[in-house]
1. Would a scan of segment A:195-203 turn up a residue that is more than 13 Å from chain B (Cβ to nearest Cβ), in contact with a helix residue (DSSP H, G or I) (Cβ under 7 Å, 6 or more places away or on another chain) and within 21 Å of A:Pro121 (Cβ to Cβ)?
2. So if I check each of A:Thr39, A:Thr112, A:Thr91, which one is surrounded by fewer than 20 Cβ atoms within 10 Å (Cβ to Cβ), over 18 Å from A:Ile237 (Cβ atoms) and at pLDDT 95 or above?
3. Please specify each residue of segment B:51-85 satisfying the condition of being assigned to a loop (DSSP other than H, G, I, E, B) and either touching a residue at least 60 places away in the same chain (Cβ under 8 Å) or out of contact with any Phe, Trp or Tyr (no Cβ under 8 Å at 6 or more places or on another chain) (or both).
4. Only one of A:Ile124, A:Ile102 is within 22 Å of A:Val49 (Cβ to Cβ) and out of contact with any Asp or Glu (no Cβ under 8 Å at 6 or more places or on another chain). Can you tell me which?
5. Condition (residue is within 30 Å of A:Gly51 (Cα to Cα), small (Gly, Ala, Ser) and within 14 Å of chain B (Cβ to nearest Cβ)) applied to segment A:150-171: is it met by at least one residue?
6. Out of (1) assigned to a helix (DSSP H, G or I); (2) in contact (Cβ under 8 Å) with a residue 40 or more places away in the chain; (3) away from every other protein chain (no Cβ under 11 Å), the odd one out for A:Cys191 is which?
7. Say whether the condition of being part of a helix (DSSP H, G or I), in contact with a Ser or Thr (Cβ under 7 Å, 6 or more places away or on another chain) and crowded, with 19+ Cβ neighbours inside 10 Å is met by at least one residue in segment A:179-186.
8. If you scan segment A:48-88, which residues turn out to be aromatic (Phe, Trp, Tyr) and not in a loop (DSSP other than H, G, I, E, B)?
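The values are calculated or read from the model by the stated rules, or taken from the named source; none is laboratory data. Owing to the predicted nature of the structure, the values given are computational and were not obtained by experimental measurement. Here Cβ is always computed from backbone atoms with ideal geometry, including for glycine, and neighbour counts include all displayed protein chains.
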Amino acid sequence: MGEAIVITSGKGGVGKTTTSANIGTALAIQGKKVVMVDTDIGLRNLDVVMGLENRIIYNLVDVIEGKCRLNQALIKDKRCEELYLLAAAQTKDKDDVTPDRIKLIIDELKLTHDFVIIDCPAGIEQGFRNAISGADRAIVVTTPETAAVRDADRIVGLLEKQNIPSPSLIVNRIRPHLIKNGDMLDIDEICNILGIDLLGIVPDDDNVIKAANSGEPAVLNVKTRSAIAYRNIARRILGDNVPLLSLEEKPTFGKRVKKFLGLG
Amino acid sequence: MTGEIVKEVQPEPVKHHVVIKGVKDGLIFQFSDHCEWQEILDELVYKFENTHQKLLSGTSIPVTIKMGERVISDEQREELLKTIATNENLVVRAIENNITQLELHINEVMLSNAKIIRGTIRSGQVEHHKTNVLLIGDVNPGGTISSDGDVYVLGSMRGIAHAGVSGNEMAIIAASHLRPTQLRIANMISRPPDEWSVEDVHMEFAFLQEGQMNIEKIQLLKRLRPDR
């Protein structure tokens, strides 16, 4: 029996879909059987970020409406074995499905996969209720901005009400130099307000944007800091004790030697 | 075997419920939290009469009493001062207590049928109660806690607090960490920082005075609202 994890944030544009794609891929790299479910019906993105858009034949709503079997709608990833995507419908609306139906599908996917990663839409309406209905636990994504933290706080409250207790937190798009100058909320402050466990921090990284645009999850490129961050998060989900990524961008001795030799 | 018999014959206090320490400007009497009040008095008398005579004679010495977490009644306080006064050179300068004013006050609030809530009031959540309300936890920005009586927050008050909702202008809002987005008492609405300034980290409370929102250190609560 697998575990269903919903990735949610309240506010839009903080990186739910990117986080879903990268955590899903990172877990698959660790040898787990993973399926990612996009519940953002009408505004699907996860397929684009994963570069699987052109492989969609059936989607989540087709499964719910009985137009196909669940297995037919699962799209196999082109890079990772044992990584699948269940895409959202683009032509429908969030009100076309109900939380109960989504829960049935998630429960079925849990039987055959180690992890079901649910990408939640922004907002707290029907789409949110759909997304969290089948989840065993939640990961709340926020950025170090007051507005995003405010929305994350609201989401944590709603999750508690829905009996998905103690969600964990990912602080995304951290810009160390802004925090250093006091121009950005620092991570302790965010944890203090939200009062939930910190699962990981991800630095702001151009590679993430580049990767998303080219349909390659950033986590595949091991050299980037964001990839390390996502891999660490995946390991923590699996129960490993991994220290938080250092935000200081000091080159290591090895890197300096490499640079000196013209290899870095 | 013999050792035990000797012990029984000499009933001297073995445990130290009272520690007497000399400091630069006098003596500190540190009382234990984990014994009966009478044991402390007995040990004091014993120490005065037997072990500490040297230390306690001579010129007058100021004494600070560290009470720990024990709360004593006025009679017990009298008793203590009387016991110490048997030594003419000891002058009690202060009786200190680890319990903060807010905690003492909260003790009283709990006795006066307050609603106690635990947890965090998050953005979008509203807690309203008809009686005084004591929250053990934080109020986050966007969250609201309100009461027809007083509002006490044992935690960070970052959201909106409304005391005396039904119009009681004597109601107060107290918090261990008062950094609200807005404060309301009765019909008065106020927001920082243009109307009242937030200073260092003190336990504070908000109250109305001549129609104005005021913030004061929690220590002044008893003076400004003696009936509380």
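1. Going residue by residue through segment A:195-203, those that are more than 13 Å from chain B (Cβ to nearest Cβ) are A:197-203.
So of that shortlist, the ones also in contact with a helix residue (DSSP H, G or I) (Cβ under 7 Å, 6 or more places away or on another chain) come out as A:198-203.
Then keep just the ones that are within 21 Å of A:Pro121 (Cβ to Cβ); that gives A:199, A:202.
Yes - at least one qualifying residue is present in segment A:195-203.
2. A:Thr112
3. Answer for segment B:51-85, where residues must be assigned to a loop (DSSP other than H, G, I, E, B) and either touching a residue at least 60 places away in the same chain (Cβ under 8 Å) or out of contact with any Phe, Trp or Tyr (no Cβ under 8 Å at 6 or more places or on another chain) (or both): B:His52, B:Ser57, B:Gly58, B:Thr59, B:Ser60, B:Glu69, B:Val71, B:Ser73.
4. A:Ile102
5. Within segment A:150-171, the subset within 30 Å of A:Gly51 (Cα to Cα) is A:151-152, A:155, A:167-171.
In the following step, the residues that additionally are small (Gly, Ala, Ser) were identified as A:152, A:168.
Narrowing the set further to residues that are within 14 Å of chain B (Cβ to nearest Cβ) leaves A:152.
Yes, segment A:150-171 contains at least one residue that is within 30 Å of A:Gly51 (Cα to Cα), small (Gly, Ala, Ser) and within 14 Å of chain B (Cβ to nearest Cβ).
6. All conditions are met except number (2).
7. no
8. Within segment A:48-88, just A:Tyr84 meets the criteria.
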